[in-house]
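In what follows, a structure is listed as structure tokens, so that the remarks can point back to it.
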Amino acid sequence: MRGTQIAALTAGHPAGLTDALNLVEGLDAALTRGLARVGDEDAAALAGLAGALATTPLANLVAEAVDKIIAGSGAHEYVAALAGARSAVFGAVHDALLGQVDVAFERSRAPWAPVPPAAPDEVSPAAPGEMSPALAGARAWLSEVAVTGWRGVNHELVAGAGSAVEAALAVPELRRLAVLLDGLAAELRACVPVARMPQLPQRRWADLWSRGVLLAQETAAGDTALSVAERVSGRLLPLAVDVHEHDTAVQFQVHALLEPAGGGPPRLVRTAVGAAKVDSIVGPALWRLLPAQSVLLAALAQRRGVLVSDVPIRGADVYWQDDRARLDEPVDPFAAARVLLPGALAAAPHPVDRHPAGIAEPVLIEGYAVSAQEGGLTVELDGHRLAVAVDRLPSCGPLTPELVAASTACLGLLRWDAGQWLLQPVAVQATVKRKIVAVHTGDWACGVTDAKAAKADAKAGDAVLVLRERAGRLLRR
Amino acid sequence: MADVDDAGWAGRSMARVVAPARPRKLAKVPFVELAEGRLQGVVSSGSDVGRVYVSSITANTHAYHCSTNNNRPCGGLGGAPCKHLQTLANEAVLQYGLERVARYLRVEPDASTNTGAELLHGLNARHEPSSAAVVFSRFLRYLSYLEVPGSTTPLPELHWFPSTRVAS
């Protein structure tokens, strides 16, 4: 990454961004107060949203929904139309921002390739015309939340999410919905009574709510089904691992370059593996939740390439199959990024996933200066500055803010939130005790390699083991 | 809710709402939670590996109870919270931090309060029997997460939930 590329991102917002965010903010305020009784201000905001979508295919749907909601209806179809409208606005924002990245980095990006609709029995676990109880439960809860408003959320309403989560978790196709609802409900639970909070994370909760509503529609999962994926073989060069977690879920998303076996330019891809967990499993113990992904973990810990054969891929997402992967030669991710990243072919996400929060574009930045200010870090290159997302350094790896501050080269993911581009470090080269060391978020994938941290990890005991022992004794009865 | 005074917080998709649980040893108290208006959890018996105690204290009334999972009352409830409740409160403070536990129980800890047991000591708490079944079934459900199979399908929504280092 060059200073001029930072400048291209930070010099100005894409056209219309502020207007789009204002539309969303109006809806988010209405969701905070609840849709049960829509006041004048919220009615104006909803009407504004409908007006903005008047030239889109959603026009009639949203206009009718807004009329009905202002008149007092909380029916799911109208509430869902609002979620669709909000997602469409953020989809446009996403596209504009990603376009900014692609221009700045001259990154080529393959568009999402839609597939013809699959047969109904492949789309939904329920028979046609009959909604699955898990979806129905999720919809009912999401509608109730919207009608009540975040301010009105109490213990009873939060508890109501429990059965929806449980039902969704039991259906593998609905894992996304289950994980989302569980994460949102845990936050609400921690904030009850919400009415007493001085300020609400209303953008965030509305993001999660509207994505949840989309995932609770019958057709949501169909286009990502494995049955429609293309298949690839080739050499995978891991660049970085991005770790996501909430109380009951963890996901390791590996960003990598794929050199297709048949030749052609390398592809910028991702592969994700995850597990269910509980809140007290944190830190390096997270890696131990993935015993079935030993090739991937070894590739991360040993910084090696992986040969994959005939694995499914949709857009940029390689569906990981550990039994179709074997370890290859060592790869220096910094060298791979330096040589191959500029010419790699990226891919657009699934249309439903078009939201700025999902933007995570791998970049390499070198020769910068780091400065600490206002409790955060900033990198500066040729006089152009980029804030560092230090709060995205994962608990299960060795990368610390101190290492980032001492670094001279960084593999990062470009992120965007609240009007600002951010650099999320996933690997750094830093000078420690006058020696240059490379530190990656995935270094501890096969166990903690730092003596001090290993001791702390051992002292905490094996949470997974203790809980499995308890489960073994108590669940048998 | 550390960033709650930040003017930009409400407009951030990635606003951090809940601090991650802090690591703690799980052998004594495999399960503690702030939920359903109670601080509640499960404490392993010191003498019998097959037995657990279910302990809880209600947030707004400070009514407490402790019993085995078969509803046999704990023998240590002599007019004050038993050692299981104290251990539970201590572990809750380790996991969530004193501030969050105190806020949930709607108490203002004074400067000399550091542990969960000290927090309980400062309450005007009273004993009131309650059923262990509700809490115990939540514990079993909690354990059942460990039986859910792993996934190799991307979960894009987890981008809203970045892993973060525990604030030191």
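The values are calculated or read from the model by the stated rules, or taken from the named source; none is laboratory data. A quick note: this is a predicted structure, and the numbers were derived from the prediction, not measured. Using ideal geometry, Cβ is built from the backbone for each residue, glycine included, and neighbour counts are taken over all protein chains shown.
Okay, here's what the table says:
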| quantity | calculated |
| --- | --- |
| Odd one out for residue B:53 among (1) in a loop (DSSP other than H, G, I, E, B); (2) free of Cβ contacts under 8 Å to residues at least 40 places away in the same chain | (1) |
| Every residue from region A:150-204 that is within 7 Å of another protein chain (Cβ to nearest Cβ) and under 19 Å from the mean Cα position of the chain (by Cα) | A:169, A:175, A:176, A:179, A:180, A:183, A:186, A:187, A:201, A:202, A:203, A:204 |
| Residue count for region A:418-441, restricted to those that are out of contact with any helix residue (DSSP H, G or I) (no Cβ under 6 Å at 6 or more places or on another chain), within 12 Å of chain B (Cβ to nearest Cβ) and modelled with pLDDT of 95 or more | 3 |
| Filter pass, residue A:444 being crowded, with 22+ Cβ neighbours inside 10 Å and within 12 Å of chain B (Cβ to nearest Cβ) | no |
| Any chance residue B:113 is part of a loop (DSSP other than H, G, I, E, B), at pLDDT below 95 and within 13 Å of another protein chain (Cβ to nearest Cβ) | no |
| Subset of region A:67-86 (residues that are touching a Ser or Thr at 6+ places or on another chain (Cβ under 7 Å), crowded, with 22+ Cβ neighbours inside 10 Å and not basic (Lys, Arg)) | A:79, A:83 |
| Flag if residue B:59 is touching a Lys or Arg at 6+ places or on another chain (Cβ under 7 Å) and closer than 21 Å to residue A:192 by Cβ | yes |
| Candidate set: region B:134-149, residues that are surrounded by fewer than 17 Cβ atoms within 10 Å (Cβ to Cβ) and over 17 Å from the mean Cα position of the chain (by Cα); chosen: the one farthest from residue B:69 (Cα to Cα) | B:149 |
| Failed item in (1) in contact (Cβ under 8 Å) with a residue 40 or more places away in the chain; (2) under 30 Å from residue B:31 (Cβ atoms); (3) touching an Asp or Glu at 6+ places or on another chain (Cβ under 9 Å); (4) surrounded by fewer than 20 Cβ atoms within 10 Å (Cβ to Cβ), with residue A:475 passing the rest | (1) |
| Candidates B:106, B:165 - the one that is charged (D, E, K, R), modelled with pLDDT under 95 and either loosely packed, with under 15 Cβ neighbours inside 10 Å or out of contact with any Leu (no Cβ under 7 Å at 6 or more places or on another chain) (or both) | B:106 |
| Selection within region A:80-111 - part of a loop (DSSP other than H, G, I, E, B) and touching an Asp or Glu at 6+ places or on another chain (Cβ under 9 Å) | A:107 |
| Residue A:289, sole failed condition from (1) touching a residue at least 40 places away in the same chain (Cβ under 8 Å); (2) within 27 Å of residue A:263 (Cβ to Cβ) | (2) |
| Of residues in region B:121-153 being among the polar types (S, T, N, Q) and part of a helix (DSSP H, G or I), the one farthest from the other protein chains (Cβ to nearest Cβ) | B:137 |
| Residue identified as over 13 Å from the mean Cα position of the chain (by Cα) and closer than 24 Å to residue B:146 by Cα among B:53, B:96, B:64 | B:53 |
| Only one of B:29, B:43 that is in a strand (DSSP E or B), farther than 15 Å from residue B:130 by Cβ and of a type in the set (A, V, I, L, M, F, W, C) | B:43 |
| Single residue of A:278, A:282 found to be crowded, with 24+ Cβ neighbours inside 10 Å, of a type in the set (Val, Ile, Thr) and either under 19 Å from residue A:427 (Cβ atoms) or not assigned by TED's automatic domain parsing to the domain that holds residue A:186 (or both) | A:282 |
| Residue, surrounded by the fewest Cβ atoms within 10 Å (Cβ to Cβ), within region A:343-374, restricted to residues that are part of a loop (DSSP other than H, G, I, E, B) and of a type outside the set (A, V, I, L, M, F, W, C) | A:374 |
| Spans of strands (runs of 3 or more DSSP E) in region A:375-477 with at least 2 residues more than 25 Å from the chain's Cα centre (by Cα) and assigned by TED's automatic domain parsing to the domain that holds residue A:365 | A:376-381, A:407-417, A:420-432, A:435-440 |
| Strands (runs of 3 or more DSSP E) lying entirely in region A:249-342 (those with 3 or more residues that are more than 14 Å from every other protein chain (Cβ to nearest Cβ)) | A:249-260, A:304-314, A:325-330 |
